[in-house]
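What follows is a set of notes on a single structure, which appears directly below.
The values are calculated or read from the model by the stated rules, or taken from the named source; none is laboratory data. Worth saying up front: this structure is predicted, and the values here are computed from it rather than measured. Neighbour counts are summed over all protein chains in view; Cβ atoms, including those assigned to glycine, are modelled from backbone coordinates with ideal geometry.
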Amino acid sequence: MSAAPEHGTQAFPGALCPIEIPLPTRRATIRLARSLAPGLRVGDLLVLSGPLGSGKTFFVRALCRALGVPESVPVTSPSFTLVRPYAEGRIPIVHADLYRIGASEEVDMLGLRALRAEALVLVEWGRPYAAQLGGEAISVELDTAEGRRRARLDGDDAGRARLVRLVRPSSFFLPA
Ligand SMILES: Nc1ncnc2c1ncn2[C@@H]1O[C@H](COP(=O)(O)OP(=O)(O)OP(=O)(O)O)[C@@H](O)[C@H]1O
Ligand SMILES: [Mg+2]
């Protein structure tokens with residue numbers, strides 16, 4: 001009889017995915033960001049999806065704060081500038097919002113793929129472009145169906161392998 005795969009190994013990175021996390025309060029969203037932040041590094045790509053107002057920007061802001069971007073630096077949706085860098089945290093961060101992208105060639109023009117060499121890249125409305133942005137993407141889907149907020153964490157194969165390393169289930173139960 002073979003042993004069950006140990007949590008955190010790469011043997012079956014998809015076995016835990018998607019990971020669903022209820023987000024009944026803003027505090028819960030902040031806690032999720034805080035639990036993911038310590039493991040994030042330059043080169044990581046998080047693609048955020050979910051309907052308008054589902055909390056993509058809120059989550060990005062919480063992640064920026066958890067990575068050390070001070071409250072004095074506003075973290076708002078870069079809907080018009082499309083891309084916004086933050087240099088004030090533990091690692092460089094690039095926040096993009098592709099809601100207004102008309103054609104996939106426009107994504108290439110933003111240079112996000114190359115920016116992964118020097119920053120953690122967080123992309124609202126980015127999931128359709130995950131492969132174009134270099135793949136190994138962690139997907140954060142924010143869902144508000146039936147009035148209940150939750151995050152669904154998943155990824156492509158390599159993204160899932162990254163994800164299971166980032167997620168420490170016990171961390172969701174730490175006091176806020
Ligand atoms: N549990 C929660 N997690 C995150 N945001 C929440 C939560 N509960 C309420 N909110 C509120 O929901 C709103 C989410 O707005 P936000 O701009 O982050 O959404 P968005 O997904 O980025 O929208 P858009 O598609 O327009 O970019 C905020 O006003 C936030 O305060
Ligand atoms: Mg937004």
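Structural remarks
- Residue count for segment 48-90, restricted to those that are of a type in the set (Val, Ile, Thr), more than 13 Å from ligand 1 (Cβ to nearest atom) and in contact with a strand residue (DSSP E or B) (Cβ under 7 Å, 6 or more places away or on another chain): 3.
- One residue stands out in segment 58-77 among those that are without any contact (Cβ under 8 Å) to a residue 24 or more places away in the chain, outside any helix (DSSP H, G or I) and within 15 Å of ligand 2 (Cβ to nearest atom): the one that is surrounded by the fewest Cβ atoms within 10 Å (Cβ to Cβ), namely Pro74.
- All conditions in (1) modelled with pLDDT under 95; (2) within 16 Å of ligand 2 (Cβ to nearest atom); (3) within 25 Å of Thr25 (Cα to Cα) hold for Gly147, with the sole exception of (2).
- Output for segment 100-132, where each listed residue is surrounded by 14 or more Cβ atoms within 10 Å (Cβ to Cβ) and in a loop (DSSP other than H, G, I, E, B): Ile101, Arg116, Ala119, Trp125, Gly126, Ala130, Gln132
- Every condition in (1) closer than 23 Å to Gly159 by Cα; (2) away from ligand 1 (no atom under 16 Å from the Cβ); (3) modelled with pLDDT of 95 or more is met by Ser104 except one, and the failing one is (3).
- Residue match in segment 26-36 (condition: at pLDDT 95 or above, touching an Asp or Glu at 6+ places or on another chain (Cβ under 6 Å), buried (at least 21 other Cβ atoms within 10 Å of the Cβ) and part of a helix (DSSP H, G or I)): no
- Close pairs (6 angstrom Cβ cut-off, 6 or more residues apart or separate chains): of a type outside the set (A, V, I, L, M) and more than 16 Å from ligand 2 (Cβ to nearest atom) in segment 20-46, modelled with pLDDT under 95 and not in a helix (DSSP H, G or I) anywhere: Arg27/Ala176; Arg31/Ala176
- Scanning segment 139-167 for residues that are part of a loop (DSSP other than H, G, I, E, B) and surrounded by 15 or more Cβ atoms within 10 Å (Cβ to Cβ) gives Thr144, Arg149, Asp156, Val167.
- Residue check, Ser49 within 13 Å of ligand 2 (Cβ to nearest atom) and either touching a residue at least 12 places away in the same chain (Cβ under 8 Å) or over 13 Å from Val121 (Cα atoms) (or both): yes
A quick yes/no check of all residues on (1) within 16 Å of ligand 2 (Cβ to nearest atom); (2) closer than 21 Å to Ser35 by Cβ; (3) more than 15 Å from the chain's Cα centre (by Cα); (4) among the charged types (D, E, K, R):
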{"site": "Pro85", "(1), (2), (3), (4)": "no, no, yes, no"}
{"site": "Gly89", "(1), (2), (3), (4)": "no, yes, yes, no"}
{"site": "Val94", "(1), (2), (3), (4)": "yes, no, no, no"}
{"site": "Leu98", "(1), (2), (3), (4)": "yes, no, no, no"}
{"site": "Glu106", "(1), (2), (3), (4)": "no, no, yes, yes"}
{"site": "Val121", "(1), (2), (3), (4)": "yes, yes, no, no"}
{"site": "Glu124", "(1), (2), (3), (4)": "yes, yes, no, yes"}
{"site": "Leu133", "(1), (2), (3), (4)": "no, no, no, no"}
{"site": "Glu141", "(1), (2), (3), (4)": "yes, yes, no, yes"}
